[in-house]
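Report on one structure; see the data block that follows.
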Amino acid sequence: MTVVDLVGPSRGDVTGLAALAARLRRASTALTAADDVAAVLAAARAVDLAADRLRALPSPPGADAVLEVERALVGDLGAPLAVLTREGNR
């Protein structure tokens, strides 16, 4: 999965990531378990960080630069997703 898969090709990576982070923050308000809320908010922060990393890339970015941002995002989402996919949240 790529950043474009997450946000859609027409939204632009940074704009789409900002929208995804905003949706995650809104979704966190519907949760009741504190650890779930914390995990969703951590995921939103990870997405914001990925957007910041994309903004910081030179224009045009190097061939592997966006891929590195995507890899970092995957790593940053690991812990929040582990909380959200534990048994009982399926």
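The values are calculated or read from the model by the stated rules, or taken from the named source; none is laboratory data. Worth saying up front: this structure is predicted, and the values here are computed from it rather than measured. Cβ coordinates were reconstructed from backbone atoms using ideal geometry, including for glycine residues, and neighbour counts include every protein chain displayed. Note: accessible area is taken over every heavy atom of the protein model, side chains too, but ligands, DNA and RNA are not part of it. Shrake-Rupley method; radii C 1.70, N 1.55, O 1.52, S 1.80 Å.
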message: Let me spell out the model: positive unit charges on the Cβ of Lys and Arg, negative unit charges on the Cβ of Asp and Glu, origin at the Cα centre of the range 43-87. What dipole size does that give, in debye rounded to 20?
response: 80
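Within the range 30-90, what whole-number % of the accessible surface is contributed by carbon and sulfur, with the 1.4 Å probe and all protein chains included in the calculation?
Reported share for carbon and sulfur atoms: 61 percent.
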statement: Quick calc: nm separation of the 7 Å Cα→Cβ label points for Ala38 and Thr85 -> 2.1
- request: Would you calculate the separation in nanometres between label points at Leu67 and Ala27, each defined as 7 Å from the Cα along the Cα-to-beta-carbon direction?
  value: 2.8
